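Data first, discussion second: the structure below is written as structure tokens.
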Amino acid sequence: MDNRIGRIVAGIGGNYDVLLEDGRILRLKARGLFRKQKITPLLGDLVTVCEDVSEDGYFDRILERKNVSVRPAAANIDQMLVVFAARYPDPHFKLLDRFLIECDARGIPCLIVFNKADLLEEKDRAKIRTILKSYEEAGYRVFLISTVDPDECRRTKEELIPFLSGKLTIFAGPSGVGKSSLINLLIGSDQETGILSEKIARGKNTTRHARLLPIQEGDKPGLIGDTPGFSSFYMQKLTEETLPKAYPEFRPFLGLCRFTNCRHVREEDCAIRKAVSDGIISRVRYRNYLELLEDLSYERK
Ligand SMILES: Nc1nc2c(ncn2[C@@H]2O[C@H](COP(=O)(O)OP(=O)(O)OP(=O)(O)O)[C@@H](O)[C@H]2O)c(=O)[nH]1
Ligand SMILES: [Mg+2]
Ligand SMILES: [Zn+2]
């Protein structure tokens with residue numbers, strides 16, 4: 001019998017595909033104490049594998065997790081690559097902020113990708129660039145890419161691959177934005193992709209199950225996770241009080257408002273509002289903040 005560490009790369013109806021260091025993938029069952037403790041194995045979990053030739057293989061221990069994300073559910077993530085379409089479906093910035101904030105609270109860094117740049121008309125392009133800049137100023141890496149235009153494809157690969165090398169990266173974002181298309185472009189795989197329903201420009205949830213795939217390009221091998229699209233995002237780790245701190249570009253101004261309990265909405269001598277009108281904090285991000293604040297006070301009621 002053999003005992004070693006592997007990583008869960010997929011879960012399929014009670015079985016798990018586990019990637020070993022030598023590159024083999026075994027389909028295993030879960031055994032062991034963690035099941036009594038109601039701990040569900042997650043994508044990305046490191047497990048101790050028992051490969052028994054006389055029996056089906058299994059794993060019996062889950063190693064301590066570095067972090068956990070809820071949607072998509074995964075563990076030990078080095079970073080999220082959150083994908084939105086620049087158009088079709090139009091980007092939903094509040095949803096993006098919800099996602100970024102929850103990841104920040106969980107200690108998971110995020111890269112932001114806007115796909116389908118080929119669909120932008122000249123005037124939209126300028127608009128989206130301004131918005132992208134506001135995310136860059138907030139400290140995020142932002143990429144505007146396309147998976148169909150050949151020149152853009154080459155550039156996309158060149159730009160993204162160095163960031164994926166040696167890491168476990170989960171691709172997340174709404175349905176139909178091109179997560180699977182991008183993964184196919186990056187690793188030449190054959191993930192199923194789906195057309196959008198025309199009327200509402202919404203994806204049809206083509207990817208049903210999350211799976212981690214090896215990416216060999218770059219300096220070191222990495223893993224990238226294709227996941228089903230989401231349409232909403234519930235922030236478990238956030239309250240009205242902690243929301244302002246969740247905006248990195250707000251942090252230098254917190255504590256400078258006239259009122260210590262300032263919510264930065266309509267209060268006088270508000271340092272955040274001043275930074276917005278001075279052009280230091282972007283209006284897009286501030287507007288998202290106001291909407292999220294409203295959502296949170298509504299969710300609390
Ligand atoms: N014009 C254009 N279309 C794209 C681009 N990338 C993907 N698409 C199209 O967008 C549609 C959805 O792509 P998918 O890759 O299936 O999207 P997904 O994010 O994996 O969607 P789910 O699996 O449902 O979450 C497909 O029809 C793709 O051909 C792009 O860069 N430009
Ligand atoms: Mg997909
Ligand atoms: Zn204020």
Checking the a/c ratio against 1.5 first, then a/b against b/c, what shape does the Cα gyration tensor give for the range 18-120?
prolate
How high is the FRET efficiency from residue 40 to residue 297, r the C-beta distance, R0 41 Å, rounded to 0.05?
0.80
Cα-based Rg then Dmax for the range 108-205, in Å, read 13.9, 41
Within straight-line cross-link reach of residue 29, lysines at Cα separation under 21 Å, skipping those fewer than 8 residues along the same chain
38
Using DSSP to call loops (not H, G, I, E or B), can you name the trypsin sites (Lys or Arg not before Pro) in the range 182-249 whose Cβ has at most 15 other Cβ atoms within 10 angstrom?
199, 204, 208, 237
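Round to a whole number: what % of the accessible area of the chain belongs to carbon and sulfur, probe 1.4 Å?
Details: 7890 of 15990 Å².
For the chain, the apolar C and S fraction of the accessible surface comes to 49 percent.
How many Å² of accessible area per residue for the chain, probe 1.4 Å?
With the other protein chains kept in place, the chain gives 53 Å² per residue.
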Given charges at Cβ of Lys, Arg, Asp, Glu: the range 47-170 dipole, positive-most of 161, 131, 50:
131
Taking a straight Cα-to-Cα line shorter than 24 Å from residue 94, and setting aside same-chain lysines fewer than 8 residues away, one finds 116, 123, 127, 133, 179, 199, 204, 237, 245, 274, 301
Determine the dipole magnitude for the chain: charges of +1 sit on the beta-carbon of Lys and Arg, -1 on that of Asp and Glu, nothing else is charged, the reference point is the Cα centre, and the result goes in debye to the nearest 20.
840
Rounded to the nearest Å, the spacing of the alpha-carbon centers of the range 204-265 and the range 117-189 is 17
Per residue, how big is the convex hull of the chain when only Cα atoms are used? Give it in Å³.
162
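The values are calculated or read from the model by the stated rules, or taken from the named source; none is laboratory data. Computed from a predicted structure; not experimentally measured. Ideal geometry is used to build each Cβ from the backbone, glycine not excepted, and the neighbour counts take in all protein chains shown. Areas reflect the complete protein model, heavy atoms only, side chains present, ligands, DNA and RNA absent. Shrake-Rupley method; radii C 1.70, N 1.55, O 1.52, S 1.80 Å.
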